[in-house]
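Trainee: Sharing a structure with you now.
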């Protein structure tokens, strides 16, 4: 299957090369993404930003690379400055 990279298709939307998955980030009241619309093989799903308890030491617990069989991609969670960055590889 291999790794499939996400590429921007609009200012807040990303799609994989196979066009089987699209992620659209929607702003919250603070202009940061509050939720994401996921369309995976024509099936729509939603995910919301979840506030985490401030625990700088505990953030490392989530760090790492993960494989999603549903998305057919690898993503990495990187804690940085009290927030998390998610990198799709």
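The values are calculated or read from the model by the stated rules, or taken from the named source; none is laboratory data. It should be emphasised that the depicted structure is a prediction, and the values quoted were computed from it without experimental measurement. Positions of Cβ are backbone-derived with ideal geometry, glycine not excepted, and every protein chain shown enters the neighbour counts.
Trainee: Among the residues of the range 1-52, which ones are touching a strand residue (DSSP E or B) at 6+ places or on another chain (Cβ under 7 Å), within 20 Å of residue 80 (Cβ to Cβ) and outside any strand (DSSP E or B)?
Mentor: Selection gives 28, 49.
Trainee: May I pose another question? Restricting to the range 35-83, name every residue that is within 18 Å of residue 12 (Cβ to Cβ) and at pLDDT 85 or above.
Mentor: 35, 36, 37, 38, 39, 40, 44, 45, 46, 47, 48
Residue-by-condition table, conditions (1) touching a residue at least 12 places away in the same chain (Cβ under 8 Å); (2) surrounded by 14 or more Cβ atoms within 10 Å (Cβ to Cβ):
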| site | (1), (2) |
| --- | --- |
| 13 | yes, yes |
| 17 | yes, no |
| 20 | yes, yes |
| 24 | yes, yes |
| 27 | yes, no |
| 32 | yes, no |
| 36 | yes, yes |
| 42 | no, no |
| 46 | no, no |
